[in-house]
Every structure is written in structure tokens, then in C-alpha cells.
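Worksheet for the structure shown next.
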Amino acid sequence: MHRREHRLAVRHKVWLDADGRFAVGDGGTDLLRAIESTGSVRAAARSVGWSYRHALAYLDNAERALKCPLVERTRGGHERGGARLSAYGRDFLRRYAGFRRRAESAVLALYRAAFGDRPAMPPVPSRGRHRG
């Protein structure tokens, strides 16, 4: 067996809570961006791989937690209905995107300070004779 180097990579998740309850995370901001580009909650849900019901429940929970409407919805089916981000929703998405860029940069800087750019783990020894 070959000796292999293992490199660590930093991964993290970020979400916002309001009064101790989940409000919005990266998946929700993906949904908001998709609503803005498609003009439809149903199409946006499909594009991010969510069910329509899950997307509606997510939006309701986020708006309740943030105490502001993120999406303006118009009922009326395919011809007359639609959805778009509210002014607050657009501003929220802009601020969240900036926050995530800065958070990603900070986490990467902390990772590099702790582990640098060299392999963080020594190579795995080959599985040969056991030396006891």
C-alpha cells in the first residue's frame, strides 16, 4: 500500500437564529436567489431541490422569525401569479451574502493559522509487518 498524505480542508455551516429558533441558512438564501431569478416559489423550490411545500414552510418560518416579509407573492396560477423578493428580502440577501463572504474569509484565515498550507496529518504508514 502506498503512503498517502492527508490534507485537511475546513468546512463550516452558518445559519441565523432568532430568539433561539432557526431563521435562515445558506439553503434558504439559495431559495431566495432562485425566487428572484425565476419569479416563482414553485420554480425556485424545484431549482434548489426542495418540495414546494417545504419551500413555503421555510419562507413562512423565516419571515415569522425575522419579523419581516422576504417575498411578495401574488396568487393566480401560472398566468397571473408570481413571487419576487420584497425590498427587505433584497436587502437581507445582499447583507447575508456580504456576511458569508467575510465569514468564509475569517474561517479560512483561522484554519491557515492553525494548520498552514502543509499536510496537517503525517502520512499513513503502509500496512506491512507490525512493529510492536
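Residues to consider are S86, S105, S126; find the one that is surrounded by 10 or more Cβ atoms within 10 Å (Cβ to Cβ), among the hydroxyl-bearing types (S, T, Y) and at pLDDT below 85.
S126
For residues in region 5-35 being touching a residue at least 24 places away in the same chain (Cβ under 8 Å) and among the basic types (K, R), which is most open to solvent (accessible area, probe 1.4 Å)?
The extreme case among them is R7.
Can you tell me which residues in region 36-66 are in contact (Cβ under 8 Å) with a residue 40 or more places away in the chain, open to solvent by 70 Å² or more (accessible area, probe 1.4 Å) and more than 18 Å from the chain's Cα centre (by Cα)?
Passing the criteria: none in range.
Kindly list the number of the only condition in (1) aromatic (F, W, Y); (2) assigned to a loop (DSSP other than H, G, I, E, B); (3) open to solvent by less than 30 Å² (accessible area, probe 1.4 Å) that fails for Y96.
(2)
The values are calculated or read from the model by the stated rules, or taken from the named source; none is laboratory data. Since this is a predicted model, take the numbers as computed values, not measurements. All Cβ positions, even for glycine, are placed from backbone atoms using ideal geometry, and neighbour counts span all protein chains on display. Just so you know, the surface numbers come from the protein's heavy atoms only, side chains and all, with ligands and any DNA or RNA stripped out. Shrake-Rupley method; radii C 1.70, N 1.55, O 1.52, S 1.80 Å.
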